[in-house]
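Please read the structure below before turning to the comments.
The values are calculated or read from the model by the stated rules, or taken from the named source; none is laboratory data. Just so you know, these numbers come straight off a predicted model, no measurement behind them. Here Cβ is always computed from backbone atoms with ideal geometry, including for glycine, and neighbour counts include all displayed protein chains. Ligands, DNA and RNA are excluded from the accessible area calculation, which covers all protein heavy atoms including side chains. Shrake-Rupley method; radii C 1.70, N 1.55, O 1.52, S 1.80 Å.
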Amino acid sequence: QEQQERAALSEAQLERRVELLLAESDTLRLLDRPPALLSAEAPEAPAVLERNKIYAEICEAKIGSEYFEEKIVQTISGAAKTKEVQCEAITMAEKGVMVTPWDLDNALDAPGTEPAETEEAKSPAGKSNSPPAEGHGQAVAGPSATASPITLAESAAPARSHQEKECHSEAILTSAKLQQDLVVMERILMENIFQPKLAVYRQIPVLIEPVVASDTEAEEGEEDEEEEDEEEKQEEGPGAEQSPAEGAGPRLEQLWAYRCDLTRGHSVSSMACNRANPDLLAVGYREFVSQDQKRGLACCWSLKNPMWPERVFCCEHGVTAVDFSPGSPHLLAVGMADGRVAIYDVRSRRDAALLDSSASLNKHKGPVWQLRWVEQDRGATGGDRKERLMCISGDGRMTQWFIQQRLDCFDVMKIKRTESGKKKLPGEREKKSEGPISQEAAGMCFDFHPEDPDVFLAGTEEGHIYCCSCSGQEQILGTYRGHKGPVYKVAWNPSSTDMFLSCSADWSILLWRRGSHTPLLTFTSVTAFVHDIKWAPKSAFIFAAVNEKRVEIWDLSVSIFQPVLSCAASPEGNLSSLLFARNAECLLLGDSCGQVGVWQLHSLPVPSPEQVWLCWQGTPGEHP
């Protein structure tokens, strides 16, 4: 086609000059962004330079200022940009409905009218028990018969939705996620409530929020304090000054008490701290009413919640002894009033015991008054550490328990009754030997030597203390006679391992030396049973004792005649047990009302090793 067009043009037309004129069309701008740079020769340049100088001065002034932080939110914002958004217009409409009073009454009475509608639906259409009204019987029967199924269908939907809501609410309340969230919330609330007391327990400063007051209120407060100080000085008088000895002695301050509705009415029988977590405390409870043994409790309390125990183990009989395993801190051994021994796993929330001695043929026939895990190789650590569970019972047996597929034991020794030391008068006939049952003396307590795990002390109901050995043919190494009643507790001195204490129902506390069979010192302050004694963990001279109403702190370096502190720590009930906290300067006191009070012990002296050695070399009994 091009060749045909060329052939159509002549040579003159092809050689003729053609002029074309190009013109600029209109410019269409889709994006217009002005530049941020400006020429130095522009007329606006001086103003821009002056603005940049001011900005540099502002930035230099902010460097090093405490009110300035380098963050994006504090930078000078750039130039604003115009943004446009296109969307559909929001339409609004008003709607209403007319409601009559009988509609409201029918809606409120809908659940109560379901049974009546059901009965009407069961009756045949057109038939009614009541006679129809004259002239309107056929008109009323038809509509009522056709309307009842519709009403039932409408009422079934709300009932079904109500059941679904109940199931959904129950699933939420029983979910593990909600339980965990409630535990976290409970921990936060307990921390807020007990924060000052826990700070004192941890021996850290208590944070007190400052009170903001005006100048006039501050001046008035200072004047009131000065007036109160002057009044106190006038009331005290010249002879009311406190002696240095009185101000230097220890004192007790109650922080809180472990108690709840479950423990009310029970008596605290024993306490034990966990070796791995000293904040975890195991407490045994028992109850005796009309000489009948009732159910007992073994509770594990934690500092995270002093108002409710972390674990609660219900026992068929009263709990008389508890102790945590040092090698396996999650195992808790529990002794009961019927002679049963059980081991619980505190990691589990189940109430059932891990092992129980009820199926053992060698189980105790009397109450297990004390049990303890004893380390055999005290120098070993970790998995090489071996331990054994020792128990003493009212049937006169000292047993060692071993854990296999079941819990079983063997007798370490049997405690026999000893003849009285009275001389036979001339002409008096020799008494016949007692029966085999009465020959065994009830064991009440024991304590192993802090350095030799094969030597232990055993206290009996007849008031004697035996020094015994687990190895060797001769089990009884010595007998200590000094008490006139049952021996409730014996305790070796952790610093001076040749000394030990004993307390009894004869109102006395005796201090013994291992090589002497007569007591070195006798401590008696009140006429009441002494239920428990403990040596202070950081002092070889200080020990604590509880009788029925008071707790006493004795310091042998100060006085051997009177306690340095005597306090009525349980006004509601009788004190039954005590324990020194392992990680704080606190004393735990259990009573017959089911509560364990935590008391801060202030100004407890700690003697030097030289002072301990000098004091025990010259026996305290020789000073007076």
Cut-off under 5 Å, modelled amide H: who pairs with ARG311 long-range: CYS300
Hey, with R₀ at 41 Å, roughly what FRET efficiency would THR479 and SER328 work out to, going by the Cβ-Cβ distance, to 0.05? 0.70
Tabulate in residue order the Karplus-calculated ³J(HN,Hα) for the stretch 332-344, using 6.51 cos²θ - 1.76 cosθ + 1.60 with θ = phi - 60°, rounded to whole Hz; enter x for Gly and Pro. 10, 8, 10, x, 10, 6, 8, x, 7, 10, 10, 10, 10
If you roll a 1.4 Å probe over the stretch 489-578 with all protein chains in place, what percent of the accessible area is carbon or sulfur? 52
Environment charge of ASP395, counting only residues whose C-beta is closer than 14 Å and scoring Lys/Arg +1, Asp/Glu -1: +3
Give me, ordered by chain and number, the residues 5 or more places off ASP323 or on other chains with an amide H under 5 Å from its own placed amide H. ALA333
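Of the listed peptides 518-529, 501-512, what is their order by residue-averaged count of other C-beta atoms within 10 Å, with the highest listed first?
Details: 518-529: 15.3, 501-512: 21.9.
Answer by packing, highest mean first, reads 501-512, 518-529.
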For the stretch 164-178, what does the Karplus curve 6.51 cos²θ - 1.76 cosθ + 1.60, with θ = phi - 60°, yield as ³J(HN,Hα) per residue in whole Hz, taken in order and with x for Gly and Pro? 5, 5, 5, 5, 5, 5, 5, 5, 5, 5, 9, 6, 5, 5, 5
Virtual spin-label span in nm between ARG187 and ILE403, 7 Å along Cα→Cβ: 2.6
May I ask you to compute the full-extension gain from ILE63 to ARG350, defined as 0.36 nm times their residue separation minus their alpha-carbon distance, rounded to one decimal in nm? 97.1 nm
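List the GluC sites (Glu not before Pro) within the stretch 474-581 that DSSP assigns to loop and that have no more than 10 neighbouring Cβ atoms inside 10 Å. Intermediate results must be reported in sequence, preceding the final value.
On the way: sites: GLU474, GLU548, GLU552, GLU572; in loops: GLU474, GLU548, GLU572.
Answer by residue number: GLU474, GLU572.
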Kindly provide log₁₀ I(q)/I(0) values, in the same order as q = 0.23 Å⁻¹, from the Debye equation applied to equal alpha-carbon scatterers of the stretch 520-599. -1.12
For the stretch 393-407, Karplus-derived ³J(HN,Hα) couplings (6.51, -1.76, 1.60; θ = phi - 60°; whole Hz; x for glycine and proline) come out as 10, x, 8, x, 10, 10, 10, 10, 9, 10, 9, 10, 6, 9, 9
Sequence-distant or interchain residues sharing an amide H contact under 5 Å with LEU520, placed H: which? LEU511, TRP512, ARG513
Ranking GLU88, GLU287 from most to least accessible area with a 1.4 Å probe gives GLU88, GLU287
